[in-house]
Each structure stands twice: as structure tokens, then as C-alpha cells.
Amino acid sequence: MTATSAKGQGIEYADTASEAYRAALRVIESVEPRIAEATRKELDDQRHSLKLIASENYASPAVLLTMGTWFSDKYAEGTVGHRFYAACQNVDTVEALAAEHARELFGASYAYAQPHSGIDANLVAYWAILATRVETPGLAELGSKHINDLSEADWESLRAKLGNQKLMGMSLDTGGHLTHGFRPNISGKMFHQRQYGTNPETGFIDYDAVAAAVREFKPLILVAGYSAYPRRVNFAKMREIADEVGATFMVDMAHFAGLVAGKVFTGDEDPVPHAHVVTTTTHKSLRGPRGGLVLATEEYAPAVDKGCPMVLGGPLSHVMAAKAVALAEARQPEFRTYAQAVADNAQSLADGFVKRDASLVTGGTDNHLVLLDVTSFGLTGRQAESALLDSGIVTNRNAIPADPNGAWYTSGIRFGTPALTTRGFGADEFDRVAELVVEVLSNTQPAAGPNGPSKAKYTLADGTADRVRAAAAELLEANPLYPGLTL
Ligand SMILES: *Cc1c(COP(=O)(O)O)cnc(C)c1O
């Protein structure tokens, strides 16, 4: 079994992993040396920056190595035991194991390990809910036909019925994801959509307001889950709201699946017992390979199972294998320690900002992310993101509720703790991170553009970037990424 701990991963097999990567890079080098070089440089860059992007992490060498095999060469459309291709016996083993680990880890009755990404998982889920719920002559049956066998009349009936469906999710500017009905995304085109937001005073979800909006709109699907909301969600309450109008309750836990897996979110905060369908990525707080998963109740399972070829291309069997490895890791007791540290560290980061008078959306956090309102520094998110990057701090700009600077320049910076917690950062290190961020932003000034103040240009006071880079380097050296791994 692979060993992972909050303090770096795979220490026990660093020598073996080093050998494996050195050999792999030599093989790659013999064909395209520039790719080997970029691969080396990517590790070097990741080792030498403070990665605070809330959706990123560092997967273990076991997870990463699992992806580089001949499972990549196999076609396996269909499901375990029912493939459109021959000779899928080993893919069956892989997919069945990934699904079993997912069911056991999350306490789900059914798991689908094929989605190539979080967005794909959501598309599979939406299709499955429509195919299960929409009563049309034939829609449920359409799901059982091969897509090539649908007649023009089938498609006509499909378009007419699907066009009338309603979906409600959290708005993008209050922390929702673009696949939850945002207009420029396909989810906002294939559904009539309306969004719920947060309380303008507190920034928290106001369940009475959500209930009122749901009662009025009567969606077929109510979606909970977020990418930039720094608080926990009461999924039991959301389910009650969905039940009132007979909506299917779907939770997209892409960001916080690691906190669910690590039992930081339990009871009403665990989406799995409350939702009909749960989707996730596997590469964020869950610390697996880049990919997606769908969990579902028995009712929705048969339709989710048709994800490929209804919605997805051929499964990425090498990635499913890596999902199985990552999920096996997440079932170890060490993963709970890790998940708790992710939440504790976010708390420390938020406290570090608050005690230095920086303004946070909702005033703090109780999950893995912190959303800093940078208007108090007189900056846009774009300026703050760039100044931090100059200083070796990797973050992303993010809209805040009712953002005065819109979705491109924004007024917020989102910070997450999953990645640096994997490196071994603790509460003290995250307090120091808050100090460094505040130091950069306090020394950044918006610069003038051709027509007045610019939303993109800025100046950073002399010496700040070097000073902060040096301080960050100390933290990074004390908590190495892939300790012992040498290329
Ligand atoms: C990241 C994210 C996704 C998309 O995941 P991809 O793997 O990039 O497709 C979907 N939903 C939520 C809530 C996310 O945070």
C-alpha cells in the first residue's frame, strides 16, 4: 500500500520513484528532448513557488506513475462487463476497483469512474437526470439506444422536451461554477436557468431565500456546490428545499471532495447521503489524477452508467487506474489527518488576513479556501494576482459577490490550502503566508493607463518581490515537494 502523509508523500519510496522518473525522462528525451526538459522544469517551478490555487494539489508518485502505462492504448467504450470493444478484461478490473473504492470511501451505493473531468461528470449527471426524470415518449428508452440508432423523430422529441427543463444553481459571482447554469456554458443553454446567490450583507447562503427562489422557479434540478464559496453548506437543508418542489438534488463537490473523503464534512455537511447525484473532480482536494467521478442513488445509476458513449468518449483507462490508486490512498487513516489539516490551515490563513486588517468575503472560512477582497488595497484582482506572481506566490483572481470589476479583472483573490498542506505546511506557515501576501499587496499601487487608472497595470515597490521570494523560499525548502525525489 502506498504511504502518504500530510508531511510530504511517498518518502518511503523516494529512491524508487527517483529511479522511475529518471528512466522515464531518458526514454522521452530520446524522442523529444524539449518535452523532457519542460517536464523537469515544471517540477522545478512547482517546487519553488507557493501554490495557493484552491483547485490544485500534488498527487503522489504512485498516482502519477500509474497514468503512464499501456492502459492508455486500450479502447473500452461501455461499462464493466459490457464493452463495445473486445479484450477489456483488465480495464474491467481497473474500472471495477476504482468504482469500489469510490463507493466505500464515500458510502455511495453506485459510482461511475469514467468522466474525463469535472465538467464531463456534470454533463453525464445532467443527462442521467433528464433521462430518468423527463417523461416523454421514449426519453428513458433513448438512453438505452446507441446514439447512432436515434431517429430524427427521436432527436426532435428530445429537443422539444429538454428545452423546457429548469435548473437552479449557485451564481458564479457568489462562488458557483460555470457548469451550474451560467449563461455562456452549455448548462445555461440546455436548461432554463435561474441562480441563487448569497446574503448581500453576510456573504453566507441564506436558506430561506434559496427556498423562496426554488418555490417560485420550481426547477427540475437543484444544484449545490461551489468553486469559490468559503463556507460549508447544509446539504440536508438543501435536500428538503429540493424535495418541496420535487427537484432532483445534485451536489457538485469538485472542490471539497477531499474534505468529504477525510470526514471533515460529516452529517448534514456530507452531500452523499442527501443528494440524488453527486459529481466531483478527482484532482483537487481529493489529490488524485486529473479526472471526474459521479456517485448516484440506485434510481439514477442505470442512466449514469450510459455516460459512455452517450456523453463521453472512450474511457481513459490509465486515468481510471490512477483514480483507483488515489482513492485507495484516500481510504487510509493518514488522509483524514491530511483533510483536517487542510481545514485547520485555511482557518489559520484566514485569521492571518483578518488580524492584518485584510477584508475577507464572509469574514473568514470553514472549508479549504479563503476569498480575499482586494479592493481594500485599492487593487483589482488582476493587479493583485500579477503582483503576487511576481513575488513567487501563485493564486488566481476571482470575482467577489456583486463584483464592481466584473468577471475578467475581478476584485478578489482566491486562496486554497490543499496543495501546500500536502507539502507539510501547518498553521504557523499559513500565518506567515498571510503576512507575505499582505506585504506584497500593501506595496502594490495601481498604475495609470492611457485613459486614467488602469485595472491591469500596477507598480510593486522596489525590493518587495525579492524580499518575499526569499521568505517564501525558506518556507518551501523546509517543506519540500516530493522529498528525496531527484531527477
Ligand atoms: C473545477 C470544477 C469543475 C470542473 O472540473 P474540470 O475537471 O476542470 O472539468 C466543475 N465543478 C466545480 C464546482 C469545480 O470547482
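Note on Arg331/Thr16: beta-carbon distance plugged into 1/(1 + (r/R0)^6) with R0 of 22 Å gives a FRET efficiency of 0.50. Ranked by the mean number of other Cβ atoms within 10 Å of their residues, highest first, the peptides 338-348, 208-218, 422-432 come out as 338-348, 422-432, 208-218.
Summing charges over neighbours of Gln114, with a neighbour being any other residue whose Cβ is under 11 Å away from its Cβ, gives -2 when K and R count +1 and D and E count -1.
Among residues other than Ala228 with Cβ under 10 Å from its Cβ, the summed charge is 0 (Lys and Arg +1, Asp and Glu -1). Take every DSSP beta bridge whose two residues both sit in the chain; close to 60 percent of them are antiparallel.
Extension gain, Asp45 to Asp206, is 53.8 nm, computed as 0.36 nm per intervening residue step minus the present C-alpha separation.
Output the DSSP H helices from the chain with an along-axis C-alpha extent of no less than 18 Å and a mean Kyte-Doolittle hydropathy no less than 0.0.
Qualifying helices, which must be both long enough and hydrophobic enough, are 118-133, 317-330, 427-442, 464-478.
Legend: calculated FRET efficiency, Val31 to Arg183, from the Cβ-Cβ distance at R0 = 41 Å, rounded to 0.05, equals 0.40. You can think of it this way: the chain between Ala448 and Leu150 has 101.4 nm of extra reach, that is 0.36 nm per residue less the Cα-Cα gap. Contact order for the range 357-412, expressed relative to its length and based on alpha carbon pairs under 8 Å spaced 6+ residues apart, stands at 32 percent. Mean separation of Cα pairs under 8 Å and 6 or more residues apart, divided by the residue count, gives the range 72-330 a relative contact order of 29 percent. Once the other residues with Cβ under 14 Å from the Cβ of His101 are scored (Lys, Arg +1; Asp, Glu -1), what is the net sum? Overall, the nearby charge balance is 0. Working from label points 7 Å from Cα in the Cα-to-Cβ sense, the Asp73 to Glu216 distance is 5.9 nm.
Would you mind working out the magnitude of the charge dipole of the chain relative to its Cα centre, with +1 at each Lys and Arg C-beta and -1 at each Asp and Glu C-beta, to the nearest 20 Debye?
Working: 44 positive and 57 negative charges, 124 e Å.
Roughly 600 debye, rounded to the nearest 20.
The stretch between Ala87 and Lys457, if pulled fully straight at 0.36 nm per residue, gains 127.5 nm over its current Cα-Cα span. The Rg/Rh ratio of the chain, with Rg taken over Cα atoms and Rh as the Kirkwood radius over Cα pairs, comes to 0.98.
Going from the fewest other Cβ atoms within 10 Å to the most, the residues His82, His192 appear in the order His82, His192. Straight-line reach from Lys166: taking Cα to Cα under 18 Å and skipping same-chain neighbours fewer than 8 places apart, the lysines in range are Lys189, Lys218.
Working ranking of peptides 240-249, 64-73, 448-457, 220-229 by packing, defined as the average number of other Cβ atoms within 10 Å per residue, highest first, is 220-229, 240-249, 64-73, 448-457. Taking every alpha-carbon pair under 8 Å whose residues sit at least 6 apart, the chain reaches a relative contact order of 23 percent. Evaluated with a Cβ-only charge set (Lys, Arg +1; Asp, Glu -1), the range 381-487 carries a dipole of roughly 460 debye about its Cα centre, given to the nearest 20.
Taking the charge dipole of the range 335-478 about its Cα centre, with +1 at Lys and Arg Cβ atoms and -1 at Asp and Glu Cβ atoms, the residue from Thr464, Ala399, Gly424 reaching farthest to the positive side is Ala399.
A convex hull fitted to the Cα coordinates of the range 335-478 yields 97 cubic angstrom per residue.
So, in Å, what gap is there between the alpha-carbon centers of the range 214-239 and the range 288-324? Each part reduced to its Cα centre gives a spacing of 23 Å.
Each DSSP beta bridge with both residues in the range 72-330 is either parallel or antiparallel, and the antiparallel ones are about 40%.
The numbers here are math on the coordinates, done by the rules we state, and not lab data. These figures come from a predicted structure and were not determined experimentally. Reconstructed Cβ throughout: ideal geometry from the backbone, glycine too, with neighbour counts over all protein chains shown.
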